[in-house]
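Since the structure comes first, as structure tokens, the remarks are kept for the end.
Every number here is computed from the coordinates shown, using simple stated rules; none is lab data. Model, not experiment: these values are computed from the prediction. Virtual Cβ from ideal backbone geometry, glycine too; neighbours counted across all protein chains shown.
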């Protein structure tokens with residue numbers, strides 16, 4: 001098995017050196033990390049400040065990537081390239097010019113909304129799904145296209161996915177979600193997996209979906225096996241094509257219940273609208289993927305399943321790098 | 001004609017002593033002014049700071065009202081009571097606890113959204129009308145009910161109006177909009193007037209609508225007469241009952257085109273999504289209502305139309321004061 005560049009297109013752990021060492025041991029060449037979900041613009045600047053310190057203190061392990069060339073260079077040095085992303089548009093504060101400002105600061109991937117309705121789009125938790133909004137939503141999609149920000153639809157609603165795929169002039173991403181036709185609608189977080197129609201339209205437009213070992217989105221939940229994860233990967237390749245399938249593990253660790261409450265309700269709710277299991281608030285990861293250090297054994301299983309080396313290279317990183325190359329630069333520039 | 005307490009339940013002029021003198025000359029006892037539309041929380045604090053200066057400098061003409069008793073006292077002194085309101089929820093920054101914070105600062109009326117989609121609700125400009133949002137929207141309506149903030153639906157969509165009237169435990173307001181059945185859908189701003197169904201449901205729930213002489217929402221537009229305005233008032237009384245009709249002129253002056261651009265597109269758009277007439281960007285007011293100084297002649301015309309003194313008192317201010325009394329105080333308090 002040759003050494004492929006591995007891209008994990010979403011992790012959201014509390015960032016520490018221990019995590020960066022796991023990336024090194026797992027030979028993960030690039031990780032898309034979340035730096036804002038409900039944080040305001042000002043608060044997001046402080047998160048960026050903390051990452052600046054982390055880059056300085058862990059220069060032997062990580063560096064910020066602004067381009068595909070950066071990713072290739074950093075990973076070739078045996079380090080992990082970090083790509084900044086938002087899982088929400090809260091930090092843009094309805095100011096269209098902040099898209100460019102945060103792009104200048106290195107942000108390359110932005111999810112339109114996180115679960116709920118905002119000015120731009122409906123999230124996957126909304127009972128009434130209005131899709132991409134008429135004025136604010138379309139305007140921000142155009143702006144992200146122009147500035148060079150890859151649009152992420154992972155936590156968006158069905159209509160938001162379909163309408164954004166249609167409206168966007170550049171291909172888009174679903175960085176971390178599984179196919180509902182494979183996993184079934186009885187999974188714990190059953191509003192998160194994507195319909196086959198969304199996945200097919202995504203592929204037709206040149207986009208990529210990142211599959212995740214997050215047990216609340218896996219067929220069989222906590223008892224899901226590595227073989228089942230491999231089967232889901234092969235099913236998705238068969239359904240939408242090998243050019244459009246990759247990984248976004250959604251891996252996170254290092255938090256207590258307060259972070260789960262923050263993700264669920266931000267500041268907009270006095271309590272989480274979906275139940276939190278206070279006995280086990282933070283998700284358990286399957287024994288075959290208890291950290292990104294487990295990537296090599298996932299890769300072995302994929303290889304054993306009959307995927308040839310070229311296709312393996314695509315789904316491990318090649319597809320993301322192709323999409324990043326198509327979306328990270330401004331329309332008027334290189 | 002006895003002297004009724006006149007409440008103008010929306011004005012949005014640049015605040016200066018000249019405006020306050022017009023209120024005095026027009027014998028306007030109370031005005032609901034807008035202190036935030038697209039302003040952030042921080043920016044709205046500065047607007048409040050400017051109003052503090054205005055209250056100090058014009059103590060002979062105006063004072064802040066936090067309760068109906070304040071309104072009665074201030075107006076009985078020959079001054080004008082100012083009620084603070086937001087025409088949008090931008091300043092709440094998706095932080096549910098800011099409802100109480102701004103109530104503590106005197107804000108008593110908040111519109112859920114201004115024309116477009118936000119996290120709480122769909123505005124009247126949206127092509128896809130999702131109404132009140134499942135989680136954020138319902139949560140903020142409950143919070144405004146609990147804290148003691150009157151909900152305003154003037155620039156909201158049809159479904160947002162219907163769902164909020166249904167969901168809110170307290171009656172709500174449409175502070176400034178006209179009935180589309182009377183004015184016709186060929187008015188310039190044809191997404192702003194309200195359907196008869198919305199107005200009837202509003203009345204059934206105890207709410208009040210404020211009619212406006214804003215020419216872009218009047219039958220006949222710029223050529224609308226005072227008699228036509230009186231006819232609209234009588235038509236609305238006949239349709240939903242005298243307990244639910246009042247005035248909210250939407251009067252504004254003192255701005256140039258940059259303010260119109262701000263209202264239309266805030267910071268979310270690079271340009272206004274609806275055309276601005278750059279030859280005449282700021283609306284002209286009809287000659288029979290070129291400022292709030294004209295209230296006495298409007299009152300005379302209403303009186304001449306056969307409205308008796310009791311009903312006149314209701315529509316000039318009594319209905320608003322009744323609604324304010326039902327909504328300005330917290331659920332757990334007085």
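Side notes on the structure shown:
- Label distances, nm, residue B:49 versus same residue in remaining copies, Cβ-directed 7 Å point: 2.1
- Ranked from largest, the principal axis spans of the Cα set of the range A:1-78 equal 45, 21, 21 Å.
- Average partner coverage of B:95-103, which counts Cβ from other chains inside 10 Å: 2
- Nm distances between copies for residue B:281, ranked from closest, using label points 7 Å along Cα→Cβ: 5.0
- Shortest-first nm distances, residue B:14 label point to equivalent points in other copies (7 Å, Cα→Cβ): 5.2
- Binned Cα-Cα distance frequencies in the protein assembly as shown - 20 Å width, integer %: 18, 45, 25, 10, 1
- Alpha-carbon Rg with Dmax, taken over the range A:229-276, Å: 16.7, 44
- Cα gyration tensor, chain B - rounded (a/c under 1.5), prolate or oblate: rounded
- Within a Gaussian network of chain A (alpha carbon springs, distance under 10 Å), most fluctuating of A:17, A:270, A:79: A:270
- FRET E, pair residue B:239, residue B:73, Förster distance 51 Å, beta-carbon r, rounded to 0.05: 0.90
- In Å, descending, principal axis extents of the Cα set of the range B:1-150: 46, 35, 27
- Here the Gaussian network model covers chain A, with springs between Cα atoms less than 10 Å apart; of A:36, A:291, A:300, A:300 fluctuates the most.
- Cβ-derived FRET efficiency at R0 35 Å, residue A:222 paired with residue A:308, nearest 0.05: 0.65
- Cα gyration tensor shape of the range A:44-115, rounded if a/c is under 1.5, else prolate or oblate by comparing a/b with b/c: prolate
- GNM flexibility winner over chain B from B:113, B:16, B:67 (Cα, springs under 10 Å): B:16
- Computed over the range B:252-334, Kirkwood Rh from alpha-carbon pairs, angstrom: 16.7
- Chain B, closest residue to the rotation axis toward A, by beta-carbon, whole angstrom: B:130, 2
- Relative contact order (percent, whole number), chain B, Cα cutoff 8 Å, 6+ residue spacing: 20
- Shape class of the range A:97-194 from the alpha-carbon gyration tensor: prolate, with a/c at 1.5 or above and a/b greater than b/c.
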